[in-house]
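Okay, so here's the structure we're looking at.
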């Protein structure tokens, strides 16, 4: 974050985008086994992971508002099994 003292303007550097586990796996498979990757499988995996991430965010917000205590491991086990 940079502050311009003359005009009191705060500028922020855009966040670097993180790579999801699915994106990493797809990239690795495309490099090593490009003939195994199908667009339908890739799109489905990305959509599923995006939904998981959005659901986790919403659940985290709801837990914060309700003051419900849940560890990340408990959330994982409840959502995906142990």
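Nothing in this text is a laboratory measurement; each read-out follows from the coordinates by a stated rule. All values reported here derive from a predicted model rather than from experimental measurement. A quick note on method: Cβ atoms are made from the backbone with ideal geometry, for glycine too, and the neighbour counts reach across all protein chains shown.
At a Förster radius of 22 Å, what calculated FRET efficiency corresponds to the Cβ-Cβ distance of residue 27 and residue 73, to the nearest 0.05?
Numbers: r = 28 Å, r/R0 = 1.26.
The computed FRET efficiency comes out at 0.20.
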Label points 7 Å out from Cα along the Cβ direction at residue 35 and residue 65: separation in nm?
5.2
Assign one of three labels to region 39-82, namely rounded, prolate or oblate, based on the Cα gyration tensor with a ≥ b ≥ c the square roots of its eigenvalues; rounded applies when a/c is under 1.5, prolate when it is not and a/b is larger than b/c, and oblate otherwise.
oblate
